[in-house]
1. Would you work out which of Thr92, Ser148, Gly110 lies farthest towards the positive end of the dipole of segment 84-161, given +1 charges on the beta-carbon of Lys and Arg and -1 on that of Asp and Glu, about the Cα centre?
2. First compute the accessible area of the chain with a 1.4 Å probe, then give the percent of it belonging to carbon and sulfur atoms.
3. With every atom except the alpha carbons ignored, what do you get for Rg and Dmax of the chain, in angstroms?
4. Please calculate how many Å² of accessible area the chain carries per residue, with a 1.4 Å probe and no DNA, RNA or ligand atoms counted.
5. Ile107 versus Thr155, label points 7 Å from Cα toward the beta carbon: distance in nm?
6. I need the peptides 103-114, 144-155 ranked by packing, meaning the mean over residues of other C-beta atoms within 10 angstrom, with the highest value on top.
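The values are calculated or read from the model by the stated rules, or taken from the named source; none is laboratory data. Just so it is clear, the model here is predicted, and its values are computed rather than measured. Every residue, glycine among them, receives a Cβ derived from its backbone with ideal geometry; neighbour counts consider all protein chains shown. Areas reflect the complete protein model, heavy atoms only, side chains present, ligands, DNA and RNA absent. Shrake-Rupley method; radii C 1.70, N 1.55, O 1.52, S 1.80 Å.
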Amino acid sequence: MTPDLIIVSFGTNECHGMGYDPQAHRRQLETVYDRLTEACPEAVIMLTTPPGDYLSRTTTQAVRRGSRTQRRRTSVRGANPMTAKCAEVIRTFGCEKGLAVWNLNAIAGGDRSASNWVAAKLMRPDRIHFTPEGYRLHGNLLGEAILSAYNSYLTAPATTN
């Protein structure tokens, strides 16, 4: 028995950090896609993008105090700029392969997604992982998107070749 639909949802771990490599991620997508299409040639493949997260960056600054120099560490949290790049790699790859792509990054709020979801108690304070309620909402939104696309497919005018 083979699946009718395969949903590939990854990217958060790949792009969590300033060392994200879009070309390496693209190669990973190619490998996964090739393996899936070989194993399940009739299945529809759908890609999802990561929702967005925050990075903590620590900087060290030298501060002079009289004749002594001390190091001061500062932690800064902010939207992960790599998430949008990762989402674009996934979207572009999906378009090139004719795959369905669900852009959770855009749906969740882009650069503001982590802050918005934390404020709504849908994302944990780490601004990476959802709360149980957030995962339920994520699943419901994805289910609604699939159902909407299927209903559009059923009501679309037939095309002739």
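1. The residue sitting most towards the positive pole is Gly110.
2. That fraction is 52 percent.
3. 20.3, 83
4. Solvent-accessible surface per residue comes out at 65 Å².
5. 1.9 nm
6. Going from most to least packed, we get 103-114, 144-155.
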